[in-house]
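**Q** If you scroll down you'll find the structure; I have some questions about it.
The values are calculated or read from the model by the stated rules, or taken from the named source; none is laboratory data. Bear in mind that the values here come from a model prediction, so they are computed numbers and not experimental data. We place every Cβ from the backbone using ideal geometry, glycine too, and count neighbours over all the protein chains shown. Remember, those area values only see protein heavy atoms, side chains included, never the ligands or the DNA or RNA. Shrake-Rupley method; radii C 1.70, N 1.55, O 1.52, S 1.80 Å.
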Amino acid sequence: MDAIATNVKEVGVTEAKAMEEVDYAHLFSEYMVSAAEQMLHKVRQNQDFAWQPEQVSNGLHILEMTLASNAASPLALETVQMLAPQMEQAGHRLEWIRCLEYAVQRGQVLGDIAVVAELSLHIGYLCYLYSRFDIANEWLTKSKLFFEKIGNRSGQGRTLNRLAMVAIQQEDCHTAEGLAAVAHSLLDSTDPDLANSHFVLGEIAKHKRQWQEAEKYYRQSLRHWEQQDDLRKIGWGLRNLGLALCWQEKYEESLACFEKALFLLRKIRDPVNYAMTQLNLGIVYSKLGRVSKAIEQYRLAEKTFRDVHDEVNLARTYLNLGLDYSTLGRLKDAETACLASIRLWKRLKNIRALCNALDVLGNIYLEQNQLEKAITTFENALDNLTQIESLPSYQHLFEMLSRHLVSARKETAKN
């Protein structure tokens with residue numbers, strides 16, 4: 001009897017322990033669901049969430065935990081989807097990309113292809129903004145395939161427009177035109193992203209320095225965004241239009257566009273696009289001879305681009321600083337700024353922009369009477385230029401660099 005009693009007691013203890021384990025797992029699951037519900041409620045109620053650093057830090061930690069819970073992950077995924085546009089607008093990049101990548105993994109486990117497609121699109125776009133174009137291509141291509149799988153034409157169109165934007169940054173306007181055309185064919189006439197199809201065509205025209213064509217497409221995209229009453233994108237549209245007007249020497253109209261854009265982008269708190277508008281405004285000031293005011297705008301924009309790791313716009317900012325420092329006779333500052341721009345263009349593998357920056361640097365060396373450095377710089381640029389012989393910009397750059405190299409060699413011969 002003692003042996004039986006002992007066995008019964010041991011079995012009872014084992015069952016009690018098992019019950020405790022089951023209860024603990026259940027309680028933890030309930031706790032995760034509760035945390036996910038509270039997080040979702042907080043995001044719904046707080047329109048300022050993405051602009052509050054402490055909230056963001058705590059929120060990312062909660063999302064990581066709740067995404068890992070099978071019971072809570074559907075709620076967590078809903079929260080991530082809701083937060084995604086707000087976090088992008090507020091300028092969050094690296095830490096948010098990591099959260100989105102984990103959310104995609106969890107979405108795939110749950111078999112929620114629609115969520116996976118949307119979040120993959122967000123990651124691809126953020127990588128584009130973060131100047132990681134190869135990675136952006138990978139994520140956007142995945143997103144397109146997921147949208148195709150569920151027959152979502154609008155999603156496919158949106159993804160193709162963003163793939164076209166990446167292609168433009170990779171100096172492939174031919175591919176960008178094809179992607180934009182397919183995107184346009186997939187989008188319904190009332191689809192909000194139709195505006196982006198016109199924007200992409202404007203970007204292609206800008207890349208080719210066809211400013212009247214760019215203005216036409218930018219005006220079309222702006223009209224769409226105005227009809228949607230999308231203040232953020234109206235700000236974008238005004239910024240784009242202002243630059244096209246600037247390069248047509250319509251400076252007063254350009255300034256008016258930028259001032260309206262700055263007002264809207266400040267109002268809706270879009271720091272990155274605000275900085276892009278400051279950069280463009282600086283270009284107009286430079287064209288008008290207000291060089292010190294231009295440099296002031298570039299320096300303001302630079303800080304934001306550094307904060308969000310926007311290397312493309314940072315490289316553009318440094319090059320414009322180099323040009324304007326040169327105008328003021330601050331040649332050492334001009335050289336430093338140009339070298340910073342060149343380093344970034346090399347990293348980004350943008351040969352056209354790299355050659356243009358090398359040309360500016362070569363001219364700065366000429367102004368400093370550093371003739372050998374100038375010759376070496378122009379020769380370096382011409383060597384790099386052979387990589388893009390098929391691009392429309394090749395001939396212009398080749399003639400410009402060749403002319404400057406001849407001038408540098410003539411100056412050397414005089415000495």
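**Q** Is it fair to say Leu67 is at pLDDT below 90 and either crowded, with 17+ Cβ neighbours inside 10 Å or assigned to a helix (DSSP H, G or I) (or both)? Steps first, please.
**A** Working: at pLDDT below 90: no; either crowded, with 17+ Cβ neighbours inside 10 Å or assigned to a helix (DSSP H, G or I) (or both): yes.
Here the answer is no, as Leu67 does not meet what is asked.
**Q** Which ones in the range 185-209 are at pLDDT 95 or above, open to solvent by 30 Å² or more (accessible area, probe 1.4 Å) and under 18 Å from Asp172 (Cβ atoms)?
**A** Within the range 185-209, Leu201 is the sole residue that qualifies.
**Q** Ok, one more. Could you give every pair whose Cβ atoms fall below 7 Å, whose first residue belongs to the range 108-129 and is in a loop (DSSP other than H, G, I, E, B), and whose second residue is surrounded by 16 or more Cβ atoms within 10 Å (Cβ to Cβ) and modelled with pLDDT of 95 or more, counting only separations of at least 6 or pairs across chains?
**A** Filtered contacts from the range 108-129: Asp112/Leu77.
**Q** Restricting the search to the range 153-181, which residues are more than 27 Å from Lys349 (Cα to Cα) and open to solvent by 50 Å² or more (accessible area, probe 1.4 Å)?
**A** Here is the first cut: in the range 153-181, the ones more than 27 Å from Lys349 (Cα to Cα) are 153-157.
Arg153, the sole residue that qualifies.
**Q** Still on this model: Which one of the conditions (1) surrounded by fewer than 21 Cβ atoms within 10 Å (Cβ to Cβ); (2) under 30 Å from Ile135 (Cβ atoms) does Ile342 fail to meet, given that it meets all the rest?
**A** The one condition Ile342 does not meet is (1).
**Q** Continuing with this model, one more query. Identify, from the list Leu328, Leu366, the residue that is of a type in the set (A, V, I, L, M, F, W, C) and buried (at least 16 other Cβ atoms within 10 Å of the Cβ).
**A** Working: Leu328 fails: buried (at least 16 other Cβ atoms within 10 Å of the Cβ).
Selected residue: Leu366, the only one of Leu328, Leu366 that is of a type in the set (A, V, I, L, M, F, W, C) and buried (at least 16 other Cβ atoms within 10 Å of the Cβ).
**Q** Can you list the helices (runs of 4 or more DSSP H) found entirely within the range 349-415 that contain at least 3 residues being within 20 Å of Arg209 (Cα to Cα)? Reasoning before the result, please.
**A** Working: elements: 351-367, 371-385, 394-414.
Filter on the range 349-415 gives 351-367, 394-414.
**Q** Next up: How many of the residues making up the range 255-282 are assigned to a helix (DSSP H, G or I) and under 21 Å from Asn196 (Cα atoms)? First the steps, then the outcome.
**A** Start the filter on the range 255-282 by keeping residues that are assigned to a helix (DSSP H, G or I), which leaves 255-267, 271-282.
Still in the running and under 21 Å from Asn196 (Cα atoms): 257-258, 260-262, 264-265, 271-277, 280.
So the count comes out to 15.
**Q** Is there a residue being assigned to a helix (DSSP H, G or I), open to solvent by 20 Å² or more (accessible area, probe 1.4 Å), in contact (Cβ under 8 Å) with a residue 40 or more places away in the chain and within 19 Å of Asn363 (Cβ to Cβ) anywhere in the range 287-303?
**A** yes
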